[in-house]
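Student: Right, I'll just put the structure down here and ask away after.
The values are calculated or read from the model by the stated rules, or taken from the named source; none is laboratory data. Because the structure is a prediction, the values reported are computed rather than measured. Reconstructed Cβ throughout: ideal geometry from the backbone, glycine too, with neighbour counts over all protein chains shown. Ligands, DNA and RNA are stripped out before the accessible areas are found, and what is left, the full protein with its side chains, is counted by its heavy atoms. Shrake-Rupley method; radii C 1.70, N 1.55, O 1.52, S 1.80 Å.
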Amino acid sequence: MKYPRVKVKLEKIKQNTQTLVNLCKSKNITVMGVTKVFCAIPEIANSLLVGGVDYLADSRIENLIKLQNYNLPKVLLRIPMLTQAEEVVKYSDISLNSEIETIKELSKFAQKHNKKHNIILMFDLGDLREGIFFEENYLDLVSQIIKFKNINLIGIGTNLTCYGGIVPNEIHFNQLLEIKQNIEQKNKIKIDIISAGNSSSLHLLDKEVPNYINNIRLGESIVLGRETAFGNRITNTYDDAFILEAEVIESSLKPSHPIGEIGMDAFGGKPKFIDNGRINRIIVGIGRQDVEPCGIIPIDEKLKILGGSSDHIIIDCTNSKKTYKVGDIISFKLEYGSLLSLMTSPYVNKIFY
Ligand SMILES: *Cc1c(COP(=O)(O)O)cnc(C)c1O
């Protein structure tokens, strides 16, 4: 057994996917299953596939390359880099775009490889991450884009609640409809896909969904079983498909307050402490090189994470019923950010069961 490790219960991922796919299917919405948080590890991606997603989507082309053997359309979520245009054309079927210069480059390489590359044009409705800003004159831009011979404009989309934390609502749906209609009328073309956002748009599916909304891109809701506008749990999903296990490397009774003049901690911060006298402290063999201590949630609720440095996380276990000793394994549930960094860390073992 190698620790630290993330244990991934594939059956739970599959069930989470099924629950969400069924919900979306009932509203005629197709699902792009987003694999970036688990670095597109093929075993986990397979659970999304078995769970019924219509597309596999990732923000990094390196990850989509790992998924080439899966027979579903691959979607590149992050606006492509000019320098990756050829790989994007080779390894993705659809990419999300906002820059005409990049789309031109994609067309060039699509021609070289004798392909048509599909794009979804992203619109920024106020969250201020990627997309053509909705107040801009986008119609001229679209007229130029559809002239590129090897590009198919198959849809429009938006992304919210990522940078600005903006909560999607019906007004955003209406804005997308208006953009779609304007583009269709001006250019006499049909826009097939309206991609209404990510896991933060799920709360809108509880209500009437207008029939022009026909796609959603889901990552966090599949892996952690929650929507992301308000952080609510989704019924019939699991929040513990991913569990971190770390090993106790020291267990001791020590003061809660450091002794001496307090300067900087290992990361340049100035730490503050409350003196609770002597406490039972354990150290687990994982650190900020792998994960931020505040993003992991001990399953033993009486454990309190005190902090950490590059390679250590320190936990107060004074209130726990259990006494932890060297070699014991501590389990944690995960937040999105901690899941992302743990799956990315080569020092963290990953097992599937
Ligand atoms: C990451 C990402 C998603 C998935 O977001 P979740 O909140 O994990 O569902 C959707 N769309 C884009 C463009 C993304 O980058």
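Student: Where in the stretch 306-353 are there trypsin sites (Lys or Arg not before Pro) that are in a DSSP coil and have at most 12 other Cβ atoms within 10 angstrom of their Cβ?
Tutor: Working: sites: Lys321, Lys322, Lys325, Lys333, Lys350; in loops: Lys321, Lys322, Lys325.
Those that pass, being in a loop and sparsely packed, are Lys321, Lys322, Lys325.
Student: Report the GluC sites (Glu not before Pro) located in the stretch 90-146 that are in a DSSP loop and have at most 13 other Cβ atoms inside 10 Å of their Cβ, or state none. Can you show the working numbers first?
Tutor: Values: sites: Glu99, Glu101, Glu105, Glu130, Glu135, Glu136; in loops: Glu99, Glu130, Glu135, Glu136.
Here the sparse-neighbourhood loop sites are Glu135, Glu136.
Student: What accessible area per residue, rounded to a whole number of Å², is obtained for the stretch 249-353 using a probe radius of 1.4 Å?
Tutor: Values: 6350 Å² over 105 residues.
Value returned for the stretch 249-353: 60 Å² of accessible area per residue.
Student: What residue among Ile314, Ile283, Ile299 shows peak mean-square fluctuation when the chain is described by a Gaussian network model with Cα springs under 10 Å?
Tutor: Ile299
Student: How high is the FRET efficiency between Glu101 and Tyr347 when r is their beta carbon distance and R₀ equals 30 Å, given to the nearest 0.05?
Tutor: Working: r = 39 Å, r/R0 = 1.30.
For Glu101 and Tyr347, the calculated efficiency is 0.15.
Student: Mind checking the dipole of the chain: about its Cα centre, +1 per Lys or Arg Cβ, -1 per Asp or Glu Cβ, Debye to the nearest 20? List each step's numbers first, then the result.
Tutor: Details: 43 positive and 41 negative charges, 165 e Å.
It comes to approximately 800 debye.
Student: Among all the lysines, which ones have a C-alpha under 19 Å from Lys27's C-alpha, if same-chain residues fewer than 8 places away are not counted?
Tutor: Correct list for Lys27: Lys207.
Student: Please work out the Cα center distance from the stretch 316-347 to the stretch 1-74, rounded to the nearest Å.
Tutor: Comparing the Cα centres of the stretch 316-347 and the stretch 1-74, I get a distance of 25 Å.
Student: Could you grab the relative contact order for the chain? Cα pairs under 8 Å, six or more apart, rounded to a whole percent. Walk me through the intermediate numbers first.
Tutor: Details: 766 pairs, mean separation 64.6, N = 353.
This gives 18 percent for the chain.
Student: Positive end of the dipole of the chain, charges at C-beta (+1 Lys, Arg; -1 Asp, Glu), about the Cα centre: which of Val167, Val50, His117 has its Cα farthest in that direction?
Tutor: About the Cα centre, the residue reaching furthest to the positive side is Val50.
Student: Using only the alpha carbons of the stretch 229-309, what is the convex hull's orientation-averaged projected area in square nanometres?
Tutor: Values: hull surface 31.0 nm².
Orientation-averaged projected area of the Cα hull: 7.8 nm².
Student: Of all accessible surface on the stretch 109-223 at a 1.4 Å probe, what whole percent is carbon and sulfur? Kindly include the intermediate steps, with their values, before the conclusion.
Tutor: Numbers: 2550 of 5200 Å².
After summing per-atom areas, the C and S share lands at 49 percent.
Student: Find how much the distance from Asn169 to Asp328 grows on full extension, using 0.36 nm per residue of separation minus their present alpha carbon separation; answer in nm with one decimal. Write down the numbers at each step before the final one.
Tutor: On the way: separation 159, 0.36 × 159 = 57.24 nm, distance 4.70 nm.
Length difference between fully extended and current span is 52.5 nm.
Student: Can you give the accessible area per residue of the stretch 106-200, in Å², using a 1.4 Å probe? Working shown, then result.
Tutor: Details: 4530 Å² over 95 residues.
Dividing the accessible area of the stretch 106-200 by its residue count gives 48 Å².
Student: Something else: Tell me, what is the Rg over Rh of the stretch 1-124, with Rh the Kirkwood radius over Cα pairs? Provide the component values of the computation, followed by the final result.
Tutor: Working: Rg = 15.9 Å, Rh = 15.5 Å.
Rounded to two decimals, Rg over Rh is 1.03.
Student: List, in the order given, every pair from Lys36/Lys188; Lys12/Lys333; Lys74/Lys115; Lys25/Lys180 whose Cα-Cα distance in the structure shown is over 24 Å.
Tutor: Values: Lys36/Lys188 36 Å; Lys12/Lys333 14 Å; Lys74/Lys115 15 Å; Lys25/Lys180 22 Å.
Table pairs above 24 Å Cα-Cα are Lys36/Lys188.
Student: Mind listing which GluC sites (Glu not before Pro) in the stretch 217-258 are in a DSSP loop and have 12 or fewer other Cβ atoms within 10 Å? Don't skip to the end; give the middle numbers.
Tutor: On the way: sites: Glu220, Glu227, Glu245, Glu247, Glu250; in loops: Glu227.
Loop-located and lightly packed - none at all.
Student: In Å, what Rg and Dmax follow from the Cα atoms of the chain?
Tutor: Values for the chain (Cα only, Rg and Dmax): 23.3, 74 Å.
Student: Using a cut-off of 16 Å between alpha-carbon atoms, which lysines can reach Lys112, once sequence neighbours fewer than 8 places away in the same chain are excluded?
Tutor: Straight-line reach from Lys112, under 16 Å: Lys90, Lys104, Lys149.
Student: Rounded to the nearest 500 deg cm²/dmol, what is the calculated helix-only ellipticity per residue at 222 nm for the chain, with -39500 (n - 2.57) per DSSP H run of length n ≥ 4? Before the final figure, lay out each step's value.
Tutor: On the way: 9 runs with 92 residues, N = 353.
Using -39500 (n - 2.57) per qualifying helix, the result is -7500 deg cm²/dmol.
Student: Would you check the accessible area of Leu128, probe 1.4 Å, heavy atoms only, in square angstrom rounded to 10?
Tutor: 100 Å²
Student: Now for a separate question. Compute, for the stretch 109-259, the length of the dipole vector about the Cα centre, with Cβ point charges of +1 (Lys, Arg) and -1 (Asp, Glu) only. Units Debye, rounded to 20. Don't skip to the end; give the middle numbers.
Tutor: Working: 15 positive and 19 negative charges, 194 e Å.
Charge dipole of the stretch 109-259: 940 debye, to the nearest 20.
Student: Can you list the aspartates and glutamates whose alpha carbon sits under 18 Å from that of Lys2, skipping same-chain ones fewer than 8 residues off?
Tutor: Glu245, Glu247, Glu250, Asp290, Asp311, Asp328
Student: Separation of the stretch 77-120 and the stretch 126-160 by C-alpha centroid, Å?
Tutor: 14 Å
Student: In the stretch 270-330, carbon and sulfur make up what percent of the accessible area (probe 1.4 Å)? Can you show the working numbers first?
Tutor: Working: 1880 of 3690 Å².
Carbon with sulfur: 51 percent of the solvent-accessible area.
Student: Note the full-extension length gain between Lys272 and Lys116 as 0.36 nm times their separation in residues minus their Cα-Cα distance, in nm to one decimal.
Tutor: Details: separation 156, 0.36 × 156 = 56.16 nm, distance 5.79 nm.
Contour length minus Cα-Cα distance gives 50.4 nm.
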